[in-house]
Amino acid sequence: MNTTRAKEPKMDDWIFAGICVVVIMLCVLPMLNLLAQSLSSSQAVISRKVTFTPVIHDADNNIFKPGLTFDSYRYVFLDKAFARSMWW
């Protein structure tokens, strides 16, 4: 019976895996930032307070805090011009 052992990972395997992780992060992080900006308040986006998590602006206390808002999606889906362009 011929039993073969699995190869030990070599240094070039680790380098290749590291390069793959970097390329994956370069593809995923911009999309995550775009999603966070779309779920953040417009004031937080204009003030450049959004990174990878959504941020809302508390106008009463004039502070930025983590949170979600769907105002941009509400604007897009309730505007007749945008809705018509999605179906036409």
If you place +1 on the Cβ of every Lys and Arg and -1 on the Cβ of every Asp and Glu, how big does the dipole about the Cα centre of the chain come out, in debye to the nearest 20? 160 debye
Heavy atoms of V23 accessible to a 1.4 Å probe, total area in Å² rounded to 10: 80 Å²
Under the 0.36 nm per residue contour assumption, what length would be gained going from the current alpha-carbon distance of I63 and L35 to full extension? 7.9 nm
Any idea what % of Cα-Cα pairs in the chain are farther than 17 Å? 67 percent
Suppose accessible area is computed on protein heavy atoms with a 1.4 Å probe; arrange M25, M11 from highest to lowest. M11, M25
Hey, what angle do you get for helix 11-38 against the long axis of the chain, alpha-carbon based, 0 to 90 degrees rounded to 10? 10 degrees
Full extension between A17 and W87 adds, at 0.36 nm per residue less the Cα distance, a length in nm of 20.9 nm
Separation in nanometres of the label points that stand 7 Å from Cα toward Cβ, at D71 and T4: 6.2 nm
Keeping all protein chains in position, work out how much accessible area S72 exposes to a 1.4 Å probe, and write it in Å² to the nearest 10. 50 Å²
Taking amide hydrogens as modeled 1.01 Å from N in the peptide plane, which residues meet the under 5 Å criterion relative to V55, leaving out close sequence neighbours? S40, S41, G67
Rounded FRET efficiency, nearest 0.05, which uses the C-beta distance separating K49 from I24 and R0 of 35 Å: 0.85
So what is the accessible area of the chain per residue, in Å², with the probe set to 1.4 Å? 90 Å²
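The values are calculated or read from the model by the stated rules, or taken from the named source; none is laboratory data. Fair warning: this is a prediction, and the values are worked out from it, not measured in the lab. Neighbour counts run over all protein chains shown; Cβ positions are idealised from the backbone, glycine included. Surface accessibility is based on the protein's heavy atoms, side chains included, excluding ligands, DNA and RNA. Shrake-Rupley method; radii C 1.70, N 1.55, O 1.52, S 1.80 Å.
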